[in-house]
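Chemist: Questions regarding the structure given below will be posed in turn.
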């Protein structure tokens with residue numbers, strides 16, 4: 001999936017303008033990079049469009065443990081949107097990631113997240 005298609009898909013899912021969706025994309029990926037191991041963030045980045053890869057560069061190798069509410073709070077702060085927009089946008093971005101990467105890679109990401117994160121992604125098909 002190319003960058004333009006990724007962003008358009010996430011924006012449509014979230015019901016937000018593409019410029020807002022781009023901010024939420026980057027915020028979601030930066031926050032995800034904090035939450036998963038550095039190696040897993042690199043593996044995921046390798047399957048995403050080039051403009052998104054930098055957002056997945058982890059600050060450190062070890063995953064930082066925080067719940068889904070903290071995830072949403074960080075996305076909201078980084079994207080400069082309210083929590084509802086952050087939750088909707090992060091869910092749209094994660095769902096778009098699920099479509100953009102191999103099923104095995106997405107499962108690897110999910111395996112590093114607690115069960116409560118699955119509410120952001122929705123049911124697996």
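The values are calculated or read from the model by the stated rules, or taken from the named source; none is laboratory data. Please read all numbers here as calculations on a predicted model, not as lab measurements. Positions of Cβ are generated from backbone atoms using ideal geometry, with glycine treated the same way; all protein chains shown enter the neighbour counts.
Chemist: All but one of (1) closer than 23 Å to residue 83 by Cβ; (2) surrounded by 15 or more Cβ atoms within 10 Å (Cβ to Cβ); (3) without any contact (Cβ under 8 Å) to a residue 40 or more places away in the chain hold for residue 11; which doesn't?
Modeler: If we test residue 11 against (1) closer than 23 Å to residue 83 by Cβ; (2) surrounded by 15 or more Cβ atoms within 10 Å (Cβ to Cβ); (3) without any contact (Cβ under 8 Å) to a residue 40 or more places away in the chain, just (3) comes out false.
Chemist: Select from segment 55-89 the residues that are over 13 Å from the mean Cα position of the chain (by Cα) and in a helix (DSSP H, G or I) and write down the one among them that is nearest to residue 115 (Cα to Cα).
Modeler: It comes out as 69.
Chemist: Among the candidates 43, 82, single out the residue that is within 22 Å of residue 99 (Cα to Cα) and in contact with a helix residue (DSSP H, G or I) (Cβ under 7 Å, 6 or more places away or on another chain).
Modeler: Going through 43, 82 in turn, the sole match is 43.
A quick yes/no check of all residues on (1) in contact with a helix residue (DSSP H, G or I) (Cβ under 8 Å, 6 or more places away or on another chain); (2) at pLDDT below 95; (3) crowded, with 21+ Cβ neighbours inside 10 Å:
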| position | (1), (2), (3) |
| --- | --- |
| 21 | yes, no, yes |
| 31 | yes, no, yes |
| 37 | no, yes, no |
| 55 | yes, yes, no |
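Chemist: Please indicate, with yes or no, whether at least one residue in segment 95-116 is more than 12 Å from the chain's Cα centre (by Cα), at pLDDT below 90 and part of a helix (DSSP H, G or I).
Modeler: Yes - at least one qualifying residue is present in segment 95-116.
Chemist: Now for a separate question. What's the number of the only condition in (1) surrounded by 17 or more Cβ atoms within 10 Å (Cβ to Cβ); (2) at pLDDT 95 or above; (3) assigned to a helix (DSSP H, G or I) that residue 48 fails to meet?
Modeler: (3)
Chemist: Moving on to the next point. Could you tell me how many of the residues in segment 1-36 are within 14 Å of the chain's Cα centre (by Cα) and outside any helix (DSSP H, G or I)?
Modeler: Selection size over segment 1-36: 1.
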